[in-house]
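The values are calculated or read from the model by the stated rules, or taken from the named source; none is laboratory data. These figures come from a predicted structure and were not determined experimentally. Note that we place each Cβ from the backbone using ideal geometry, even for glycine, and neighbour counts take in every protein chain shown. Remember, those area values only see protein heavy atoms, side chains included, never the ligands or the DNA or RNA. Shrake-Rupley method; radii C 1.70, N 1.55, O 1.52, S 1.80 Å.
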Amino acid sequence: MRKRVLVLGSNFGGLTAALAVRRELFDDVDVRVISPADRFLFNPSLIWLPFGKRNPDDITFPVEPTFTKHGIDFVHEAAVEIDADHRQVRTASGTWYAYDYLVVATGYRNNFDAVPGLVEHGVTITTLDNAVAAGEAWRRFLDGLGDGRRGDIVVAASQGAGCFGAAYEFLFNTAYRLRKAGVRSRVNLTYLTAEPFLGHFGIGGLPHGEQLLGSFLRRQHIEARVGVAIEGVGADAVTLTDGTEIPSQYSMVVPPFVGQEVARTASALDPDDKGYLPVRPTYQSEKFDDVYVVGIAAQVVSPWQTAIPIGVPKTGYPTEVQAHVAAQNIAAQIRGQLPEHSKPFDDIAAVCVLDAGNNGVVILADKMLAPKKHGVLIPGPQAHALKLGFEKYFLWKARNGHVQLP
């Protein structure tokens, strides 16, 4: 009897895992994807959308044609319950789907409760809808600078956040767009971060990273406060937990992430307090050999503690690596072999391009987390060009199902 592989999620982790399993086993497996989203979203480009440099159609594509082309069934519904003991998943419509192997690639939710007032008075860029709303607020802010008036902007990565790269990118793109609009001299721009030092990124930093980012900030006349936590976001200020108020009429805050509800409530898979699921280096659940967890849904234990809690970044590249490992192991199990492929999160390379409008930094390291042997930051306009090119390449690759390509 043909084995059934069920994948929850259709973005970086889910799309890659489903297509990779299908490629590994060709017609010898039934693959089904269940997802509440029917479009793939290239999240790294959300930093540009608020400034009008991208629109939703530029950075998304419908996933069903891609899956159909490769013989994968797509169910456009949210999964609401995982019954790992009986190998089945329930969707919002009440339908149960059985599986032989499950891949949980459900991604994240914003934990807005960690930053009071953010929903009412601030913006974020961590989802497509969030980024669209941030663009509307950005245009209102620029309109408010008419007649020579001044303004204040805060860009922040809050306590518990892990997506520091996006905060830095938005910060430097904000400075660039203010210059392009001819109003930079009339805006006070402040960066707030829970990182213990600039360039920590939630990965422990890289050689000379603090000095390089400090230099960027000084050249852009951006004030930075590190190791701080946000008490709340108001209409005209961001308040820190020590009572300091930073004036701000436009506040973009990257909040902490938590796991999706379907993962958080999967008690048999032993979710942590954030709703992430513990995994082995094979990306199998710690409790079930037939359940795999990849991407943000997978628990990563930070190797350090900081004065202000911070998270670990789980970006697209490590998610792809995890999805391929899971697919290889599922294929091995279906062939009657042991699932011996592994790549612990700590050992995945750090590969990132930090965009700064017309400049940027290429970030490379042999490992995501300490101890690292090698790491380098390469600044320059080539970083911006590289990010533009990679966006087009990745969307082409994903849309056409070429997940075997780098």
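The table for this structure:
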| item | result |
| --- | --- |
| Members of the range 17-32 that are open to solvent by less than 70 Å² (accessible area, probe 1.4 Å) and outside any helix (DSSP H, G or I) | Val29, Asp30, Val31 |
| Test: Asp290 is surrounded by fewer than 20 Cβ atoms within 10 Å (Cβ to Cβ) and either among the hydroxyl-bearing types (Ser, Thr, Tyr) or free of Cβ contacts under 8 Å to residues at least 40 places away in the same chain (or both) | no |
| Breaking point among (1) open to solvent by 30 Å² or more (accessible area, probe 1.4 Å); (2) over 30 Å from Val353 (Cβ atoms); (3) without any contact (Cβ under 8 Å) to a residue 60 or more places away in the chain, for His221 | (2) |
| Test result for Lys343, open to solvent by 40 Å² or more (accessible area, probe 1.4 Å) and closer than 21 Å to Val403 by Cα | yes |
| Flag if Val119 is open to solvent by 30 Å² or more (accessible area, probe 1.4 Å), among the β-branched types (Val, Ile, Thr) and without any contact (Cβ under 8 Å) to a residue 60 or more places away in the chain | yes |
| Qualifying positions in the range 154-210 - within 20 Å of Ile47 (Cα to Cα), surrounded by fewer than 22 Cβ atoms within 10 Å (Cβ to Cβ) and aromatic (Phe, Trp, Tyr) | Tyr176 |
| The listed residue being under 16 Å from the mean Cα position of the chain (by Cα) and of a type outside the set (Ser, Thr, Tyr), out of Val312, Val361 | Val312 |
| Scope the range 275-287; condition open to solvent by 70 Å² or more (accessible area, probe 1.4 Å) and either free of Cβ contacts under 8 Å to residues at least 24 places away in the same chain or aromatic (Phe, Trp, Tyr) (or both); matching residues | Glu286 |
| Test result for Leu240, open to solvent by 10 Å² or more (accessible area, probe 1.4 Å), within 26 Å of the chain's Cα centre (by Cα) and among the aliphatic types (A, V, I, L, M) | no |
| Qualifying position, being part of a loop (DSSP other than H, G, I, E, B) and touching a Gly at 6+ places or on another chain (Cβ under 8 Å), among Thr66, Thr106 | Thr106 |
| Residue, farthest from the chain's Cα centre (by Cα), within the range 140-160, restricted to residues that are without any contact (Cβ under 8 Å) to a residue 12 or more places away in the chain and at negative phi | Gly146 |
| Selected residue [surrounded by fewer than 18 Cβ atoms within 10 Å (Cβ to Cβ) and either out of contact with any Phe, Trp or Tyr (no Cβ under 8 Å at 6 or more places or on another chain) or in contact (Cβ under 8 Å) with a residue 12 or more places away in the chain (or both)] from Pro44, Pro65 | Pro65 |
| Residues that are among the aliphatic types (A, V, I, L, M) and over 21 Å from Lys314 (Cα atoms), drawn from the range 10-28 | Val21, Leu25 |
| Every residue from the range 260-304 that is farther than 22 Å from Glu340 by Cβ and among the charged types (D, E, K, R) | Glu261, Arg264, Asp270, Asp272, Asp273, Lys274 |
| Matching strands (runs of 3 or more DSSP E) fully within the range 142-233 where at least 2 residues are out of contact with any Ser or Thr (no Cβ under 6 Å at 6 or more places or on another chain) | 151-157, 187-193, 223-226 |
| Cross-chain or 6+ apart pairs with Cβ under 7 Å, the range 161-176 first and among the β-branched types (Val, Ile, Thr), then at pLDDT 95 or above | Thr174/Ile153; Thr174/Val155; Thr174/Leu189 |
| Near pairs, Cβ below 8 angstrom, 6+ apart or cross-chain, from the range 83-102 (closer than 18 Å to Asp270 by Cα and without any contact (Cβ under 8 Å) to a residue 60 or more places away in the chain) to any residue that is open to solvent by less than 70 Å² (accessible area, probe 1.4 Å) and part of a loop (DSSP other than H, G, I, E, B) | Gln88/Tyr99 |
